[in-house]
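*Asks:* Dumping the structure here so I can ask a few things about it.
The values are calculated or read from the model by the stated rules, or taken from the named source; none is laboratory data. Keep in mind it's a predicted model, so treat the numbers as computed, not measured. Here the Cβ positions follow ideal geometry from the backbone for every residue, glycine too, while neighbour counts run over all protein chains shown. The accessibility values were calculated without ligands, DNA or RNA, using every heavy atom of the protein model including side chains. Shrake-Rupley method; radii C 1.70, N 1.55, O 1.52, S 1.80 Å.
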Amino acid sequence: CVWGRPTDSIPYLLESGGLLEELPDAIALLDLNLRILWNNRKLNDFSGHADPLVGTRFYDAFGEPEILGPDFCPFHTAIGSGESATSTIRVDEKRYFEVHAVPVMDENEEELLPSCLLITARDVSQSMIQRQKLSAIYQAGLELGDLQPQELLEMSVEERIELLKSKILHYTQDLLEFDTVEIRLIDEATGKLEPLLAEGM
């Protein structure tokens, strides 16, 4: 396939049959100045724009997203290398998108040069948040046991239990965003679970 002018032929080919409008991922064509030539509706959904995005620079559509890597300049990498590049962007505290850039080569040139970029964006918010929670749990485990022997000697049993409770509540409510927490301990004499900590029950 020989691509003609990107502003004419590529959008026509992409929109043929409207199939790309049904995909769960956002798709866009960018010129080499990273301005949108064409996009499906999902990009409007992801960026929160009802108005057409044609002519808008890709990152501007998302406000000021934070680029998390692994490639911190995926579009320029794709243009410069002629190969695909991937990065993750954070739009706000809880919205993350994986952005994949593929250069579209112009076969009319003597050398194969990119004429535009094909971009896909996938919502990876849930997996990123889950990963953060797992990391928080791991960190919480380290910090729960991070008491110096001298500190323990100076605290009563009740004070140790209250300190442990406060740390558990901090991690489960503030970091993991759990509304309800209950911890029970087994009473070795009776074999019953006795409440140690209950919050929001």
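*Asks:* In segment 25-75, which residues are of a type in the set (Phe, Trp, Tyr) and assigned to a strand (DSSP E or B)? Lay out the reasoning, then the answer.
*Replies:* In the first step, residues of segment 25-75 are kept if they are of a type in the set (Phe, Trp, Tyr); the result is 38, 46, 58-59, 62, 72, 75.
Within segment 25-75, Trp38 is the sole residue that qualifies.
*Asks:* If you don't mind, there's one more thing I want to ask. Out of Lys133, Lys94, which single residue is touching a Ser or Thr at 6+ places or on another chain (Cβ under 7 Å), surrounded by fewer than 17 Cβ atoms within 10 Å (Cβ to Cβ) and either at pLDDT below 90 or under 23 Å from Ala26 (Cα atoms) (or both)?
*Replies:* Details: Lys133 fails: touching a Ser or Thr at 6+ places or on another chain (Cβ under 7 Å).
Answer to the check: Lys94.
*Asks:* Can you tell me which residue within segment 59-78, out of those that are aromatic (Phe, Trp, Tyr) and in contact with a strand residue (DSSP E or B) (Cβ under 6 Å, 6 or more places away or on another chain), is surrounded by the most Cβ atoms within 10 Å (Cβ to Cβ)?
*Replies:* Within segment 59-78, the first condition is being aromatic (Phe, Trp, Tyr), and the residues that meet it are 59, 62, 72, 75.
Remaining after also requiring in contact with a strand residue (DSSP E or B) (Cβ under 6 Å, 6 or more places away or on another chain): 62, 75.
On the way: Phe62: 23, Phe75: 20.
The qualifying residue surrounded by the most Cβ atoms within 10 Å (Cβ to Cβ) is Phe62.
*Asks:* Here's a follow-up. Could you tell me which of the residues Thr77, Thr56 is more than 13 Å from Ala101 (Cβ to Cβ) and of a type in the set (S, T, N, Q)?
*Replies:* Values: Thr77 fails: more than 13 Å from Ala101 (Cβ to Cβ).
Result of the check over Thr77, Thr56: Thr56.
*Asks:* A further question follows. Restricting to segment 52-70, what's the tally of residues that are among the acidic types (Asp, Glu) and either at positive phi or at pLDDT below 90 (or both)?
*Replies:* Keep residues of segment 52-70 that are among the acidic types (Asp, Glu), which gives 60, 64, 66.
Those left that are additionally either at positive phi or at pLDDT below 90 (or both): 64.
Residues meeting the conditions: 1.
*Asks:* When you go through (1) touching a Phe, Trp or Tyr at 6+ places or on another chain (Cβ under 6 Å); (2) at pLDDT 90 or above; (3) surrounded by fewer than 16 Cβ atoms within 10 Å (Cβ to Cβ) one by one for Asp45, which number turns out not to apply?
*Replies:* Among (1) touching a Phe, Trp or Tyr at 6+ places or on another chain (Cβ under 6 Å); (2) at pLDDT 90 or above; (3) surrounded by fewer than 16 Cβ atoms within 10 Å (Cβ to Cβ), Asp45 violates only (1).
*Asks:* In segment 12-40, what residues are closer than 20 Å to Val91 by Cβ, at pLDDT 90 or above and open to solvent by 40 Å² or more (accessible area, probe 1.4 Å)?
*Replies:* Across segment 12-40, the qualifying residue is only Arg35.
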